[in-house]
Amino acid sequence: MSPAADANAPKLVDPFARTIDYLRVSVTDRCDFRCVYCMSEHMTFLPKKDLLTLEELDRLCSLFVSQGVKKLRITGGEPLVRRDVMWFFERMGRHLDSGALKELTLTTNGSQLRRFAQQLADIGVRRVNVSLDTIDEKKFAAVTRWGRLAQVLDGLDAAQEAGLAVKINTVALKGTNDDELHKLVEWCGARGYDLTFIEVMPMGDLGEEEDRLDQYLSLKDVRCELETQWGLTDVPFRTGGPARYTQCEETGRKIGFITPLTHNFCESCNRVRLTCTGTLYMCLGQEDAVDLRAALRNNPEKDEAIVDAIHRAIAKKPKGHDFDYSRQQVGGQMSRHMSHTGG
Ligand code: SAM
Ligand code: SF4
């Protein structure tokens, strides 16, 4: 093989021959909302010393980029509530400028977009995923506990004004938005947003007031319901993520379905997740993890040691997850919260 071909070969390849070129990074476990399926109302957050500093995040993410990561998604918690997070976005923006990184994006609850959308666009962010489970003000207040719908809608306007493409992420919740599915499709169509439905996953202890099985709504049922009113055609479009997309004839927008529970997407997984404490999870639904914070802090000068730790971690990526709600019990339950791992 010629040296040039070698240089282009994927650097991060797991034991199942999957190339890993997508890193999701949680930059904080904190949030200005308390969504009922994500957090308990009285969360204990991590002490600051446990979090990677923004400089550490820059160093680590830059090393991932040097190892072939092409897509970076910043998440949390709510990424835009981390102090000075724009500094970090700017640092990642330099990898877009160099061409090493193809996409820098984020998943946000939208509450801070009025403040940051333009800056994000200036840095090179092209699209954002905004999580929105309902467009009913009262339900929104109930689902998010602390959120205000008007603020998120204003954030969405700001995103559009800044030229950011928006995709809405909606967790399908029995008894909450199952009567709003058609309205959401129509609303997203009218505003020019793609829409992705997500099945609720068994992440984290929610406190005594919430029960996973009460929340779970199968996306098979969601799709059946949608097809009573909308023409949905399967399309091969992929974003490198686990969503399967359809094209909605009437709105012209894409509608995606993320179905970790009714459809296993692991065979095409190209991603790993970094928590805000520097733990790298090779799979959202497994406990296999490597502590990259220790590698960072023990090797302030030696990047090779960290690159080595990244490669050792990828070599441990498991084949898939074990989530299962069958037989009326929650199988494969994960003790960590989505906000810690980064949804
Ligand atoms: N705060 C940001 C937001 O809400 O978009 C980013 C972090 S949030 C943890 C990322 C995504 O995870 C959101 O779309 C949220 O709806 C989803 N999520 C949180 N907990 C979940 C769960 N238990 N099952 C499925 N999706 C979940
Ligand atoms: Fe916050 Fe996002 Fe979790 Fe809601 S889903 S509590 S907005 S981190």
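The values are calculated or read from the model by the stated rules, or taken from the named source; none is laboratory data. Predicted model, so just to flag it, every value in this text is computed and none were measured. Cβ sites come from the backbone with ideal geometry, for glycine too, and all protein chains shown count toward neighbours. Just so you know, the surface numbers come from the protein's heavy atoms only, side chains and all, with ligands and any DNA or RNA stripped out. Shrake-Rupley method; radii C 1.70, N 1.55, O 1.52, S 1.80 Å.
A Förster radius of 51 Å, combined with the Cβ-Cβ distance separating Thr53 from Asp214, puts the computed FRET efficiency at roughly 0.80. Geometric descriptor of segment 19-341, per residue, is 127 Å³ (volume of the convex hull of the Cα atoms). Ranking Lys183, Lys167, Lys102 from most to least accessible surface, computed with a 1.4 Å probe over the protein chains only, gives Lys102, Lys183, Lys167.
Rounded to the nearest whole Å², what accessible area per residue is found for segment 32-133 with the 1.4 Å probe? For segment 32-133, the per-residue accessible area is 39 Å².
The solvent-accessible area of Met43, taken with every protein chain present and a 1.4 Å probe, is close to 40 Å². The packing ranking, built from the mean of other Cβ atoms within 10 Å per residue, places the peptides 293-306, 47-60 in the order 47-60, 293-306, highest first.
Working note: Karplus 6.51/-1.76/1.60 with θ = phi - 60° gives segment 55-70 the couplings 5, 5, 4, 4, 4, 5, 5, 5, 5, 4, 4, 5, 9, x, 5, 10 Hz, where Gly and Pro are set to x. Within segment 19-341, antiparallel bridges make up roughly 30 percent of the DSSP beta bridges whose residues both belong there. Listed cross-link partners Lys71/Lys319; Lys102/Lys174; Lys102/Lys316; Lys138/Lys220; Lys48/Lys174; Lys71/Lys138 are compared with a 32 Å cut-off, the Cα-Cα value being larger for Lys102/Lys174; Lys48/Lys174; Lys71/Lys138. Rounded to the nearest 10 square angstrom, Glu287 shows an accessible area of 100 square angstrom against a 1.4 Å probe.
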